[in-house]
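Everything below concerns the one structure shown next.
The values are calculated or read from the model by the stated rules, or taken from the named source; none is laboratory data. What you see is a predicted model; the values in this text were computed from it and never measured. Glycine gets a Cβ as well: all are built from the backbone with ideal geometry, and neighbour counts include every protein chain shown.
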Amino acid sequence: MHLTRRTLLANLSATLTLPALALPTIASPLNNDFPAVPDSGFDSWVASFRKRAAKKGISDRTLSAAFADVGFLPGVIEKDRGQAEFSMTLQDYLSITASDDRVKQGRTALKRNRSLFAQIETAYGVESHVIAAIWGVESFYGTKRGTVPVISALSTLAYEGRRAAFFEQQLMAALKIVQHGDIGVQDMTGGWAGAMGHTQFIPTTYAAFAVDFTGDGRRDIWSDDPTDALASAANYIARSGWTYGQPWGQEVTLPAGFNRAIARKMQRRSSADWANLGIRPATGGRLIDHGAAALIPPDQATGPAFLVYSNYTVITRYNAAQKYVIGVGHLSDRLNGGGALTTPFPPDKYGLRQQDRITLQKRLTRLGYDTGGTSGVIGPKTRSAVAGYQQSLGLKADGNPSPALLATLR
Ligand SMILES: [Ca+2]
């Protein structure tokens, strides 16, 4: 698919308005995190859906197999309702997406699959470290592919979710996959919203872009062997207009007093224009011309800024959220031997920097509180831990950390 300038611009602006953000994989939900419960309304819905599916060419045999063990999963509905409320800063998102562990595992995965990645790079014209980065963010290199039964998850969301029509379309596409024989119903598992396999394709994306790279007649993105999944991701990226040899973007520095309004609408300018405005690569030197670029300024007064190119827009086809694209792009740079971001992020709303947040979590953990890890991301568990600690000190237990509270832990 060739992207016109108009669709490029539309996509660039879409990234500013879409709130949905797929969180990088931290842990895979186990099947029993989403238990099925009896629901007569769901059963009636399934009966009527089966008639609609039959009219669209899904065979009785496929329908019987697909719905033999289908169940209503209320946990999926809870996730769907909770998703929009969740927000993360770019720093939090990157600390998970491009964590030391994810970088290390990714470099190992690239080495382990060197010949496969080379074949895919040749066949599709997408750099190995880019495909590896998508694999890393989507499923932690295949280790977190999701264990939720896809037919049940999609049926639940089509029956009661906020986007019923969208999920019915996904369910129909999932049934076509089963009918085609690419995967058995029992093995068709994924995340709670029906994203499947190593590269977390939703069924319609699978229908459009999955390929059989092993040549066994099945497009298998689910099994331990990542071959078909990685080739499918490369095919998706290539057909979305990827330019080989060009970066997705790069971190840049802004001159003092830079007028941020210039960047507000992701307006694309030439490299020479940006250079004249005082934009420089964060690693030093002069801007190299990689074609027209848009500027993403920091969320706050200070922090990393990015110039992004047409390949940035290509990654938005996978997921339109700005943080996602920067996350995949930055991880790909790290997997290609690049370093961490250069410009520090400012203190967060609690007045803490990342190292402070990590110290806070480590000290609280040592005292026996459950902070849900020590990644430096302050989530509900860390806030509960802070509240518990505040209570133990006789302070107001509002769960908000602060530099003063951190000082009591040092
Ligand atoms: Ca295959």
Quiz item: Of (1) surrounded by fewer than 19 Cβ atoms within 10 Å (Cβ to Cβ); (2) in a helix (DSSP H, G or I); (3) over 17 Å from the mean Cα position of the chain (by Cα), residue 76 satisfies all except one. Which?
Solution: (1)
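Kindly indicate which of 127, 121 is acidic (Asp, Glu) and surrounded by fewer than 21 Cβ atoms within 10 Å (Cβ to Cβ). Before you say what the answer is, go through the steps one by one.
Values: 127 fails: surrounded by fewer than 21 Cβ atoms within 10 Å (Cβ to Cβ).
None of the others qualify; the one that does is 121.
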Quiz item: Looking at residue 202, is it among the aliphatic types (A, V, I, L, M), under 25 Å from residue 122 (Cβ atoms) and either surrounded by 18 or more Cβ atoms within 10 Å (Cβ to Cβ) or within 16 Å of the ligand (Cβ to nearest atom) (or both)?
Solution: no
Quiz prompt | segment 207-225, residues that are within 13 Å of the ligand (Cβ to nearest atom) and under 20 Å from the mean Cα position of the chain (by Cα) | solution = 210, 221, 222
Exercise. Kindly provide the set of residues from segment 278-297 that are more than 24 Å from residue 244 (Cα to Cα), surrounded by 15 or more Cβ atoms within 10 Å (Cβ to Cβ) and without any contact (Cβ under 8 Å) to a residue 40 or more places away in the chain, ordered by number.
Key: 279
Quiz item: Of everything in segment 183-199 that's small (Gly, Ala, Ser) and under 30 Å from residue 81 (Cβ atoms), which residue is farthest from the ligand (Cβ to nearest atom)?
Solution: 193
Quiz item: Taking residue 247, is it away from the ligand (no atom under 16 Å from the Cβ), loosely packed, with under 14 Cβ neighbours inside 10 Å and either at pLDDT 95 or above or not in a helix (DSSP H, G or I) (or both)?
Solution: no
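The rows are residues; the columns are (1) at pLDDT 95 or above; (2) farther than 26 Å from residue 312 by Cα; (3) in contact with a Ser or Thr (Cβ under 6 Å, 6 or more places away or on another chain).
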site: 4; (1), (2), (3): no, no, no
site: 31; (1), (2), (3): no, yes, yes
site: 48; (1), (2), (3): yes, yes, no
site: 66; (1), (2), (3): yes, yes, no
site: 71; (1), (2), (3): yes, yes, yes
site: 78; (1), (2), (3): no, yes, no
site: 93; (1), (2), (3): no, no, no
site: 101; (1), (2), (3): yes, no, no
Exercise. Starting from segment 170-190, keep only residues that are over 13 Å from residue 56 (Cβ atoms), then list their pairs with residues that are of a type in the set (Phe, Trp, Tyr) and part of a helix (DSSP H, G or I) whose Cβ atoms are within a distance under 9 Å, requiring at least 6 positions of separation or different chains.
Key: 177/206; 182/206; 185/67
Exercise. Say whether the condition of being surrounded by fewer than 24 Cβ atoms within 10 Å (Cβ to Cβ), charged (D, E, K, R), within 16 Å of the ligand (Cβ to nearest atom) and assigned to a loop (DSSP other than H, G, I, E, B) is met by at least one residue in segment 138-152.
Key: no
